[in-house]
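**Student:** Take this structure, written in structure tokens, and hold onto it; I'll ask about it next.
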Amino acid sequence: MFTKTVILPVDIDEAFALITEPERLRRWQTVSARVDLRVGGDYRWTITPGHVAAGTFREVEPGKRVVFGWGWEGNPGLAPDTSTVTITVEPVAGGTKVTLTHEGLTDEQAAMHAEGWNHYLGRLEKAAVAGDAGPDEWSAAPERLDELSAADATLAVLQTVLRQLTPEDRPKQTPCADFTCHDLAEHLFGSMVAFGSMAGVEVVNPETGSLENRVATMAAQAIEGWRARGLDGTVPAPGGGEMPARFAASIMPVEFLLHAWDMAQGSGTPLVVSDEVVSYVHKLAEQLVPGARGSSFADEITPSTDADPMERLAAFAGRRPVAA
């Protein structure tokens with residue numbers, strides 16, 4: 001069993017929101033989160049790229065406590081819903097006491113989860129103070145990159161940029177001549193619907209909320225659909241016909257990362273992404289971009305001699321920095 005308590009300088013309602021609401025969870029614990037907060041409702045949290053925790057809610061007392069099953073998709077040793085997490089919130093002087101207890105683990109599992117919970121509860125404390133714990137270094141360089149874990153990793157990068165966009169940033173021009181920052185976010189809505197359709201799922205636009213929340217919610221639906229479908233065989237191509245499923249899935253990380261860079265350039269927001277992820281996405285782009293030049297991508301640009309990996313990827317995709 002693992003137990004830890006932290007004190008957050010926020011009231012009960014905000015503390016409960018931080019541990020249960022997807023938009024709050026993405027600021028300290030998850031890449032993406034789906035939550036049906038009721039007894040018997042399920043949740044699905046991508047904690048780090050390629051690692052998905054899932055289970056059902058067993059007790060829900062708003063402003064007091066939440067109890068849910070815990071396990072990992074694809075892990076027969078600790079499958080979804082096979083251990084128990086209890087989180088209680090109590091008012092204390094100066095804020096709220098949050099206590100997390102994780103039961104039903106072997107000694108080895110308890111040791112591994114202790115490392116994880118200590119990491120994320122530390123980030124929860126940061127998020128309670130600053131509103132956002134910032135990029136998670138555990139998500140920066142996934143141990144095993146494939147088309148779908150790269151989609152998770154680049155979605156995390158994209159969400160960080162979107163979260164920092166201000167109303168003043170939205171009309172700013174991006175390296176894509178036809179798109180402002182706001183235009184690009186809306187373009188992504190359509191892309192998410194198309195990605196989901198190829199995997200056989202309907203992606204629903206929340207219609208309300210922040211741009212970050214809408215893109216994140218739709219992307220999570222699309223990626224979840226792809227994980228359920230898998231990468232074998234073929235899928236319907238947007239213009240008709242079929243295309244290899246693995247190739248279709250590779251479009252997601254390329255689009256997520258390039259549009260994150262586009263919006264970061266337009267808004268002046270720093271882009272935080274590991275060289276490992278950029279290198280992997282560049283390899284995917286080498287299979288995708290040449291056949292789409294003149295439509296989705298411009299001609300390749302020669303990068304500067306001191307260009308970093310992200311700048312080289314952008315140049316390969318025909319993009320010039322806004323300041324250039």
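The values are calculated or read from the model by the stated rules, or taken from the named source; none is laboratory data. Remember, predicted model here, so these are calculated numbers, not experimental data. With ideal geometry, Cβ positions are generated from the backbone for all residues, glycine too; neighbour counts draw on all protein chains shown. Just so you know, the surface numbers come from the protein's heavy atoms only, side chains and all, with ligands and any DNA or RNA stripped out. Shrake-Rupley method; radii C 1.70, N 1.55, O 1.52, S 1.80 Å.
**Student:** Find the residue count for the range 223-247, including only residues that are part of a loop (DSSP other than H, G, I, E, B) and modelled with pLDDT under 95.
**Tutor:** Initially, the range 223-247 is screened for residues part of a loop (DSSP other than H, G, I, E, B), giving 230-233, 237-241.
Those still in the list that are modelled with pLDDT under 95 too: 237-241.
Summing the residues that are part of a loop (DSSP other than H, G, I, E, B) and modelled with pLDDT under 95 in the range 223-247 gives 5.
**Student:** Something else: Which of the residues belonging to the range 60-85 are open to solvent by 60 Å² or more (accessible area, probe 1.4 Å) and either of a type outside the set (S, T, N, Q) or in a strand (DSSP E or B) (or both)?
**Tutor:** E61, P62, K64, R65, E73, G74, P76
**Student:** Is it fair to say T88 is open to solvent by 40 Å² or more (accessible area, probe 1.4 Å), in contact with a strand residue (DSSP E or B) (Cβ under 7 Å, 6 or more places away or on another chain), outside any loop (DSSP other than H, G, I, E, B) and farther than 29 Å from L148 by Cα?
**Tutor:** On the way: open to solvent by 40 Å² or more (accessible area, probe 1.4 Å): no; in contact with a strand residue (DSSP E or B) (Cβ under 7 Å, 6 or more places away or on another chain): yes; outside any loop (DSSP other than H, G, I, E, B): yes; farther than 29 Å from L148 by Cα: yes.
Taking the combined requirement at face value, the residue does not satisfy it.
**Student:** On to the next question. Specify which of the listed residues (E202, E125, E108, E115) is part of a loop (DSSP other than H, G, I, E, B) and among the acidic types (D, E).
**Tutor:** Details: E125 fails: part of a loop (DSSP other than H, G, I, E, B); E108 fails: part of a loop (DSSP other than H, G, I, E, B); E115 fails: part of a loop (DSSP other than H, G, I, E, B).
After applying the criteria, what remains is E202.
**Student:** So, one more: If you check S191, S149, which single one turns out to be in contact (Cβ under 8 Å) with a residue 60 or more places away in the chain and open to solvent by less than 10 Å² (accessible area, probe 1.4 Å)? Full working, then the answer.
**Tutor:** Details: S191 fails: open to solvent by less than 10 Å² (accessible area, probe 1.4 Å).
Being in contact (Cβ under 8 Å) with a residue 60 or more places away in the chain and open to solvent by less than 10 Å² (accessible area, probe 1.4 Å) holds for just one of S191, S149, which is S149.
**Student:** Oh, and also: Is it the case that T46 is surrounded by 16 or more Cβ atoms within 10 Å (Cβ to Cβ) and either touching a Phe, Trp or Tyr at 6+ places or on another chain (Cβ under 6 Å) or at pLDDT below 95 (or both)? Can you show your working first?
**Tutor:** On the way: surrounded by 16 or more Cβ atoms within 10 Å (Cβ to Cβ): yes; either touching a Phe, Trp or Tyr at 6+ places or on another chain (Cβ under 6 Å) or at pLDDT below 95 (or both): no.
Answer is no for this residue.
**Student:** Any residue at all in the range 249-262 that's part of a helix (DSSP H, G or I), exposed (fewer than 15 other Cβ atoms within 10 Å of the Cβ) and in contact (Cβ under 8 Å) with a residue 40 or more places away in the chain?
**Tutor:** no
**Student:** Restricting attention to the range 167-178, which residues are in a loop (DSSP other than H, G, I, E, B) and open to solvent by 50 Å² or more (accessible area, probe 1.4 Å)?
**Tutor:** Our first condition is that a residue be in a loop (DSSP other than H, G, I, E, B); within the range 167-178, this holds for 167-172, 174-178.
Those that are in a loop (DSSP other than H, G, I, E, B) and open to solvent by 50 Å² or more (accessible area, probe 1.4 Å): P167, E168, R170, P171, K172, A177, D178.
**Student:** In the list V277, V215, V272, V235, which residue meets the criterion of being under 30 Å from Y43 (Cβ atoms), open to solvent by less than 50 Å² (accessible area, probe 1.4 Å), touching a residue at least 60 places away in the same chain (Cβ under 8 Å) and not hydroxyl-bearing (S, T, Y)?
**Tutor:** Step by step, each of V277, V215, V272, V235 is checked, and only V277 is under 30 Å from Y43 (Cβ atoms), open to solvent by less than 50 Å² (accessible area, probe 1.4 Å), touching a residue at least 60 places away in the same chain (Cβ under 8 Å) and not hydroxyl-bearing (S, T, Y).
**Student:** Something else now. Could you go through the range 94-103 and let me know if any residue there is assigned to a loop (DSSP other than H, G, I, E, B) and either at pLDDT below 95 or closer than 25 Å to D275 by Cβ (or both). Full working, then the answer.
**Tutor:** From the range 94-103, those assigned to a loop (DSSP other than H, G, I, E, B) are 94; that's our starting set.
Subsequent filtering for residues that are either at pLDDT below 95 or closer than 25 Å to D275 by Cβ (or both) retains 94.
Taking every residue of the range 94-103 in turn, at least one turns out to be assigned to a loop (DSSP other than H, G, I, E, B) and either at pLDDT below 95 or closer than 25 Å to D275 by Cβ (or both).
**Student:** Residues to consider are D183, D169; find the one that is over 11 Å from A260 (Cα atoms) and without any contact (Cβ under 8 Å) to a residue 24 or more places away in the chain. Show your work before the answer.
**Tutor:** Working: D169 fails: without any contact (Cβ under 8 Å) to a residue 24 or more places away in the chain.
That would be D183, the only listed residue that is over 11 Å from A260 (Cα atoms) and without any contact (Cβ under 8 Å) to a residue 24 or more places away in the chain.
**Student:** Now, a different point. List pairs: first residue in the range 289-304 and modelled with pLDDT of 90 or more, second residue of a type in the set (K, R) and assigned to a strand (DSSP E or B) anywhere in the structure, Cβ distance under 9 angstrom, at least six positions apart or on different chains.
**Tutor:** D299/R293; E300/R293
Quick grid of which residues meet (1) in contact with a helix residue (DSSP H, G or I) (Cβ under 6 Å, 6 or more places away or on another chain); (2) under 30 Å from D136 (Cα atoms); (3) open to solvent by less than 30 Å² (accessible area, probe 1.4 Å); (4) not charged (D, E, K, R):
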| site | (1), (2), (3), (4) |
| --- | --- |
| Q265 | no, yes, no, yes |
| G268 | no, yes, no, yes |
| A285 | yes, yes, yes, yes |
| R293 | no, no, no, no |
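**Student:** Would you be able to say whether some residue in the range 15-30 is over 30 Å from P253 (Cα atoms), open to solvent by 40 Å² or more (accessible area, probe 1.4 Å) and not in a helix (DSSP H, G or I)?
**Tutor:** Kept after step one, since they are over 30 Å from P253 (Cα atoms), are these residues of the range 15-30: 15-16.
If we keep only those that are open to solvent by 40 Å² or more (accessible area, probe 1.4 Å) as well, we get none.
No: zero hits.
**Student:** I need a count of the residues in the range 172-211 that are among the aromatic types (F, W, Y) and over 26 Å from G233 (Cβ atoms).
**Tutor:** Restricting attention to the range 172-211, the residues satisfying the condition of being among the aromatic types (F, W, Y) are 179, 189, 195.
Cutting the leftovers down to over 26 Å from G233 (Cβ atoms) gives us 179, 189.
Residues meeting the conditions: 2.
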